[in-house]
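Data block below; observations after.
The values are calculated or read from the model by the stated rules, or taken from the named source; none is laboratory data. Remember, predicted model here, so these are calculated numbers, not experimental data. Note that each Cβ is placed from the backbone with ideal geometry, even for glycine, and that neighbours are counted across all protein chains shown. Areas reflect the complete protein model, heavy atoms only, side chains present, ligands, DNA and RNA absent. Shrake-Rupley method; radii C 1.70, N 1.55, O 1.52, S 1.80 Å.
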Amino acid sequence: MTQETLQQEDTIGKEEHASVVQIIQTMVKTSKALRIYLPNNPVLIGFISELGTRMTVHLARYGELSLEVDPFALRCQGAKVYENTDPKESIASRLYADGIRALFFDQGVQSAELTAFLGIAGFDRLSNDDDIVTRLWERNLQHIGYLTEEDFREGAPAEESGTSGDQREAMERIRQALLEQPPPAPRMIPKHLLMLNADEEKWLQGALEAEGRCNGLDDVIGVLAATVAGTRDPKLYRDFISMMETLAVTLLLGGDMGHALKLVRFLDRMRQRSGITEEQRAPLEAALAAVLSDTTVQTLQVSLDTTDASTGYGELKELLLILGLPALGPICELLGRVEKLKVRKLLIEVLVELGREDPAVFRPFLSDPRWYLVRNLVLILSLIGTPEALRMILGLTSNREARIRREVLGFLERTDDEKSKPYILKYLRDESSALRIKALQVLARERLPFALKPIVALAAADDFQERPFPERMAVCQSLGELGQERAIPMLRELLMKRYWFNKGNEKEAVQLALAGLARVNGSAILPLLEEARSQKRGGELRELLDRAVSEARAAKAGRKR
């Protein structure tokens, strides 16, 4: 450790210095994780939790955390706590390049605010219009502050000229002079001026109650709405719509869904006015399309998953329906991010409504690598239920992800569309044995006659013996269920087959044949089982056949009654 470092630690204190260094290291680690992992990844969640804990403990022990920003380093009370000379990887470099010279973290800062801050400062700029200062201003993080280079320049002249000190001295002289003056004599106010009649008292009470209910945001929204509705100047019109867009996004990021919805409702009503020109409508549609962005989706997902604000779900649904098809991508992205079941159900209802007229709008999202998002889209298309929607679902029977193919098979099992049922046969050749078994069970349970021939071919194939035993069992059960007495010859051959040198294979063959014969209804089963019992020797095989004969006799007696 250098002499300079030791001197710096003396100014801040070794324990505090170590705590700040650990916080910055955790910030860097979390920033990198944000680039790599999905929001619900346990690794990322662990990093965010660790950062929030370290920051909370530090602020409780030492108070506000202030950081000075150098071109490649961060300092706390003059002591260096972070350094990285690679401009592409250095958080300090990104902050400094965008004009930030100091950062402040106050007590009460939440993990969501820290995550939002790292989401802005921890990534390379996407364009010239998304500098860190602007994005931090838009997010309005309550417990994270900053000073820019302009802030320092604006404050410099007053400090150099000593104006601040002169003002303090003048204020002190005025205060002393006021203290030395005797207080004015009290004045008596005529009693009639203090009295209110009943009507005046009622009016005053109503005015006080109305003022108590008044919300400054409502006033701002009202002023903006009146200005937009009344202005005729094209530039002012676009400027005020831009203000409404910025305010709506800010409110949404701050969790104020109610006021954000008010703004969106107004913009929607404006674009639907009769007689509005295309030039007037264009900025309105652009503003509505900008309400949901990557940033708002990310913040909205965190808010929806971490708070139990079910009372605001109705407002969220109305807002998403107003934003409509132009916001389809962000809504699907939100569906792919949220974990709370109630929220996913709401988003699915919204997407069903938006895609009902043209389900093809979902086609680009069916190739998304997130299987759970595609699974939800299959459900959405099945709820829409139009022929086009069904064709899109059937196109996923060959999807490379087994969990998506399973969802499609579930749809084929549930659907009443008879034309879709033959697609279940495709699953008999699926690479997943579990899906092949599931398809066989569905075909047998629904007794689909067109499936008998492919299943017979499957049982007669050369590689049948190489398939897993549960799958062969499902084939024989389906064969008996669908073929009934026509399946008896094939099952009889399997039952009577002798394996002279492999008793294990012979036992499996008997089990498979018995599983198929148990599904056949008819009087020919009992004689066949008795014949097999007379020919088979060996304890295990005899037990299997004895049980099968007893069950067949009981079934025959039941039919006679």
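Pairs under 8 Å by beta carbon, first residue without any contact (Cβ under 8 Å) to a residue 24 or more places away in the chain and closer than 15 Å to GLY410 by Cα in the stretch 382-398, partner open to solvent by 40 Å² or more (accessible area, probe 1.4 Å) and of a type outside the set (Ser, Thr, Tyr), six or more apart or different chains?
Going by the 8 Å Cβ cut-off, there are no qualifying pairs.
Consider LEU51 carefully, then state whether it is open to solvent by less than 30 Å² (accessible area, probe 1.4 Å) and within 30 Å of TYR372 (Cα to Cα).
yes
Please list, ordered by first then second residue, the pairs with beta carbon atoms under 9 Å, 6 or more apart or interchain, first in the stretch 327-349 and in contact (Cβ under 8 Å) with a residue 40 or more places away in the chain and within 14 Å of ARG370 (Cα to Cα), second in a helix (DSSP H, G or I) and basic (Lys, Arg).
These pairs meet every condition: LEU335/ARG344.
Test of understanding: among ALA439, ALA459, which residue is in contact with a Cys (Cβ under 9 Å, 6 or more places away or on another chain) and free of Cβ contacts under 8 Å to residues at least 40 places away in the same chain?
ALA459
Would you point out the residue of the stretch 271-285, among those that are surrounded by fewer than 20 Cβ atoms within 10 Å (Cβ to Cβ) and touching a residue at least 12 places away in the same chain (Cβ under 8 Å), that is farthest from ASP239 (Cα to Cα)?
ARG271
Spot the failing condition for LEU396; the list is (1) of a type in the set (A, V, I, L, M, F, W, C); (2) assigned to a helix (DSSP H, G or I); (3) over 27 Å from GLU285 (Cα atoms), and only one is missed.
(2)
Restricting attention to strands (runs of 3 or more DSSP E) lying wholly within the stretch 31-95, give those where 2 or more residues are in contact with an Asp or Glu (Cβ under 7 Å, 6 or more places away or on another chain) and under 27 Å from ASP131 (Cβ atoms).
73-76
Can you tell me which residue in the stretch 114-152 is surrounded by the fewest Cβ atoms within 10 Å (Cβ to Cβ), limited to those that are modelled with pLDDT of 85 or more and part of a loop (DSSP other than H, G, I, E, B)?
Among them, the one singled out is GLN142.
Give, as residue ranges, the helices (runs of 4 or more DSSP H) completely inside the stretch 243-361 that count at least 3 residues that are of a type outside the set (Asp, Glu) and more than 19 Å from the chain's Cα centre (by Cα).
In the stretch 243-361, the matching helices (runs of 4 or more DSSP H) lie at 257-271, 278-289.
Based on what the data block shows, is LEU341 open to solvent by 20 Å² or more (accessible area, probe 1.4 Å) and of a type in the set (A, V, I, L, M, F, W, C)?
Criteria met by LEU341.
Tell me, yes or no, whether the stretch 408-424 has at least one residue that is in contact with an Asp or Glu (Cβ under 9 Å, 6 or more places away or on another chain), touching a residue at least 12 places away in the same chain (Cβ under 8 Å), open to solvent by less than 50 Å² (accessible area, probe 1.4 Å) and more than 18 Å from VAL378 (Cα to Cα).
No, the stretch 408-424 contains no residue that is in contact with an Asp or Glu (Cβ under 9 Å, 6 or more places away or on another chain), touching a residue at least 12 places away in the same chain (Cβ under 8 Å), open to solvent by less than 50 Å² (accessible area, probe 1.4 Å) and more than 18 Å from VAL378 (Cα to Cα).
Residue-by-condition table, conditions (1) surrounded by 15 or more Cβ atoms within 10 Å (Cβ to Cβ); (2) among the small types (Gly, Ala, Ser); (3) modelled with pLDDT of 85 or more:
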{"position": "ASN505", "(1), (2), (3)": "no, no, no"}
{"position": "LEU517", "(1), (2), (3)": "yes, no, yes"}
{"position": "SER523", "(1), (2), (3)": "no, yes, no"}
{"position": "PRO527", "(1), (2), (3)": "no, no, yes"}
{"position": "SER534", "(1), (2), (3)": "no, yes, no"}
{"position": "LEU545", "(1), (2), (3)": "yes, no, yes"}
{"position": "ALA548", "(1), (2), (3)": "yes, yes, yes"}
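Being more than 53 Å from the chain's Cα centre (by Cα) and surrounded by 15 or more Cβ atoms within 10 Å (Cβ to Cβ) is the filter; apply it to the stretch 461-503 and report the residue that is farthest from LYS536 (Cα to Cα).
Filtering the stretch 461-503 for residues that are more than 53 Å from the chain's Cα centre (by Cα) and surrounded by 15 or more Cβ atoms within 10 Å (Cβ to Cβ), the one farthest from LYS536 (Cα to Cα) comes out as ILE488.
Select from the stretch 427-460 the residues that are assigned to a loop (DSSP other than H, G, I, E, B) and farther than 26 Å from ALA524 by Cα and write down the one among them that is nearest to the chain's Cα centre (by Cα).
SER432
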